[in-house]
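Below is one structure; the comments refer to it alone.
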Amino acid sequence: MFRPILKATITATLLGTIALFLCDSCVSDRTALYAPTGAASALSPVSDTWEPYNRSVQAFNSGFEQHVANPVSQLWRFAFPRPLRTRLSNFNENIGYPLRLVAHALEGKWDYCWTDTKRFVINTTIGGLGLWDPATSLGAPHIDGSFGRTLARWGLPSGGYFNLPFSGPGTVRDGVGKLLDLPFNVVTWAVPAPASYAVNGTLRVNDTAATEPTINRAFVTQPCHYELMKLLIVLGNEAAYSDYKIPANQDYLPDQSFGLLAMAPSDDSFYYQARQRRVKLSGGQRFPYTCWPLRNAKKLVILLPGIGAHRRSAELSAFAEFFRQRDCAVIALSSTFTPDYFTNVPGDNPPPGFIPEDAKVLAQVLNEVVRDFTSHYRNSFDTTVLLGYSLGGINALNLAAAEQRGEFPDTLHIDRYLAINPPVDPVYALSVVDNFFNYPEQFPEDEREAIVRDIIMRLAAWMQPSPANPPSPMVPLTRDESQFLVGVNMRFHLAEAIQAQEKRSPSGLLKEDPQAWFHRNNLFAETMSISFADYIEKVVVPYYQAHGMDGCTAEDLRKKCSLRTLTNDLANTQNVLVFHSRNDFLVTQDDLHWFETTFGPRATILNEGSHLGALGNRTFVQNLVNALID
């Protein structure tokens, strides 16, 4: 048995060494970047020489995840309760000890060797062959170890971005490390084939089922998931391999809007309870929506998220879980600013962003979605409520005003509206986000890349706790740095929207080909360089000028999108509730005064929370749900 394993080890080593040398010989310079200095780390953290291959593998992995891993994981989680799945995960971690021991030794990490040895002995004995994990509570925590990390510590270059089927993205060095890991699979040593295949397959499926909801959401909901995975995985590995230690800083205090990141269902299996449907609209499009039906429910809740948010996002699932606990059926739509929404609605391909027109289309869409839902699940509801947050809150108030004016479809009626953190002036709010994205420009040009890279490294290291960076509830970012990441995230959403809009209806805005499939890095960089102000001026305004809105300017559009144009209608709507925060960076003090005078006691203004940060507090969300349902 030893000889074939030794042979496999030598073969893997030779292949790995050859691959690294080949990689180093063919790595090209970074692709041309359009983005300002300082944003390049968010676009190209490593050379992507094999982009066509990498994107092909990403497409394959996405399809495999959606059509194979997702249904198999659902069956696995249904068939085996969580305690059993946890035992199997513990066992798989325990038998990884030989690999970790050799890797730690080759790195000269003798303290890691000793800790991992103690952990293995404790868990193998007291923990019943590793099915339980008493070692962690006894001071011997898990420490990652792999040959990818070892190669990095030995100083081998990363070799560029490299995506592997099934295994996922990393660098060429990571791929070689995975090859070198294979001979240290204990099951292969201890169990003869074909039984070893069954055992390894079982352990792999179990581990996949544990992470599948997160991976599924990443593929489905994240804008430009290819670029996002490249960024987080490459820099995350760099932080882990180098034992990067987060610098101590007394100024770490991220913006309270980061509280939204904590909003997720309390039951991780709730994600699988959602149903995905498509309804045929008047123009022939098959419009997608997500729903959580409930037999005999008498209340229906419609959820409209913030800019760029997808209907299958964690926060929408969390909202749905709260409402389901109150015996409500739930429908969720993607934001009107996502391709999942605007590429599937009827019309002559208007760009999203002119809110009064977007709201008119949204009313028709909601009418058809509610009709389809009630017909398919045979529900008859006594009460229909609509909750929108951020951009969804703006849409909710526009819909409430339209219903007040009698401009709603006759078959659609909303009994109560709730708007959470809606900006009064959307164009002003987007200008704030543009300023967040420009944060690096305050530093000398030759320092911007290093500053941004350190911000992302700190975040990546915090997301992956290690001996160098123990778990901490505090995100290691200052307020300005956290707002910069808000700006980057919003720019990701804008880039995705521009690419989708230009692909279906080219305006001449882009130099790069929006139809490109295998070569999109330059396209992504170019769209990331376009601000919200540029998008409004160069895409939205020209479209409506060409479609009969004479004399339309960016300032005209700003005034027409403002909620102040709806003051009289909203003042007379008694079925609208508003929740806001005094420290929300997307509104001014005059805006908050407008909410208080327009809605009176129907507006609740919180002192804390920033933009949507209060939603990370489950008690606060429960109170919102009660206010809307009771």
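Any residue that is assigned by TED's automatic domain parsing to the domain that holds residue 63 and among the polar types (S, T, N, Q) - is there at least one of those in segment 219-234? There is at least one residue in segment 219-234 that is assigned by TED's automatic domain parsing to the domain that holds residue 63 and among the polar types (S, T, N, Q). Being basic (Lys, Arg) and either outside any helix (DSSP H, G or I) or more than 13 Å from residue 525 (Cα to Cα) (or both) is the filter here, so list the residues in segment 472-504 that pass it. 479, 503, 504 - these are the residues of segment 472-504 that are basic (Lys, Arg) and either outside any helix (DSSP H, G or I) or more than 13 Å from residue 525 (Cα to Cα) (or both).
Mind checking which residues of segment 124-151 are part of a helix (DSSP H, G or I) and closer than 19 Å to residue 465 by Cβ?
Within segment 124-151, 135, 136, 137, 148, 149 meet the criteria.
Just so you know, in segment 461-480 the residues that are in contact with a Leu (Cβ under 9 Å, 6 or more places away or on another chain) and surrounded by fewer than 22 Cβ atoms within 10 Å (Cβ to Cβ) include one that is farthest from residue 244 (Cα to Cα), and it is 479. Within segment 453-470, residues that are over 21 Å from residue 109 (Cβ atoms) sit with their Cβ atoms under 8 Å from residues that are surrounded by fewer than 21 Cβ atoms within 10 Å (Cβ to Cβ) and among the polar types (S, T, N, Q), at 6+ positions apart or across chains, in these pairs: 462/469; 462/472. If you go through segment 48-99 and keep only what is in contact with a Gly (Cβ under 8 Å, 6 or more places away or on another chain), part of a helix (DSSP H, G or I) and of a type in the set (D, E, K, R), you end up with just 93.
Within the set 297, 239, the sole residue that is in a loop (DSSP other than H, G, I, E, B), touching a residue at least 12 places away in the same chain (Cβ under 8 Å), over 30 Å from residue 583 (Cβ atoms) and more than 16 Å from the chain's Cα centre (by Cα) turns out to be 297. The set of residues from segment 427-446 being touching a residue at least 60 places away in the same chain (Cβ under 8 Å) and among the charged types (D, E, K, R) comprises 434, 441, 445. Would it be correct to say that residue 371 is in the same structural domain as residue 587 (by TED's automatic domain parsing) and at positive phi? So residue 371 does not fit the description; no.
Residues that are β-branched (Val, Ile, Thr) and either surrounded by fewer than 19 Cβ atoms within 10 Å (Cβ to Cβ) or modelled with pLDDT under 80 (or both) within segment 219-236 comprise just one, 220. For segment 402-421, the criterion of being among the basic types (Lys, Arg), without any contact (Cβ under 8 Å) to a residue 40 or more places away in the chain, surrounded by fewer than 20 Cβ atoms within 10 Å (Cβ to Cβ) and over 15 Å from residue 303 (Cα atoms) is satisfied by no residue at all.
Residue-wise test of (1) in contact with a His (Cβ under 8 Å, 6 or more places away or on another chain); (2) at pLDDT 95 or above; (3) buried (at least 19 other Cβ atoms within 10 Å of the Cβ).
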site	(1), (2), (3)
79	no, no, no
83	no, no, no
109	no, no, yes
134	no, yes, no
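How about segment 481-506: which of its residues are of a type outside the set (A, V, I, L, M, F, W, C) and either farther than 29 Å from residue 348 by Cα or surrounded by fewer than 16 Cβ atoms within 10 Å (Cβ to Cβ) (or both)? Once the filter is applied, which keeps residues that are of a type outside the set (A, V, I, L, M, F, W, C) and either farther than 29 Å from residue 348 by Cα or surrounded by fewer than 16 Cβ atoms within 10 Å (Cβ to Cβ) (or both), segment 481-506 yields 481, 482, 483, 487, 504, 505, 506. Take the conditions part of a helix (DSSP H, G or I), among the aliphatic types (A, V, I, L, M) and more than 30 Å from the chain's Cα centre (by Cα) and apply them to residue 624. Does it pass? So residue 624 does not fit the description; no. Selection of first residues in segment 497-511 that are assigned by TED's automatic domain parsing to the domain that holds residue 345 and of second residues that are at pLDDT below 95 and surrounded by fewer than 17 Cβ atoms within 10 Å (Cβ to Cβ), restricted to Cβ pairs under 6 Å at least 6 apart or on distinct chains, gives an empty result. The residues listed here are 526, 555; of these, the one that is part of a helix (DSSP H, G or I), without any contact (Cβ under 8 Å) to a residue 24 or more places away in the chain and of a type in the set (Asp, Glu) is 555. Being surrounded by 14 or more Cβ atoms within 10 Å (Cβ to Cβ), without any contact (Cβ under 8 Å) to a residue 40 or more places away in the chain and acidic (Asp, Glu) is a property that does not hold for residue 174.
The rows are residues; the columns are (1) at pLDDT below 90; (2) surrounded by 17 or more Cβ atoms within 10 Å (Cβ to Cβ); (3) touching a Ser or Thr at 6+ places or on another chain (Cβ under 8 Å); (4) outside the structural domain of residue 75 (by TED's automatic domain parsing).
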residue	(1), (2), (3), (4)
201	no, no, no, no
216	yes, yes, no, no
250	yes, no, no, yes
256	no, yes, yes, yes
263	no, yes, no, yes
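Each residue in segment 352-370 was checked for being in contact (Cβ under 8 Å) with a residue 60 or more places away in the chain and either within 24 Å of residue 299 (Cα to Cα) or among the small types (Gly, Ala, Ser) (or both), and 7 pass. The numbered conditions (1) within 17 Å of the chain's Cα centre (by Cα); (2) buried (at least 22 other Cβ atoms within 10 Å of the Cβ); (3) not β-branched (Val, Ile, Thr) are all true for residue 312 except (2).
The values are calculated or read from the model by the stated rules, or taken from the named source; none is laboratory data. Everything numeric here is computed off the predicted structure, so don't read it as measured data. With ideal geometry, Cβ positions are generated from the backbone for all residues, glycine too; neighbour counts draw on all protein chains shown.
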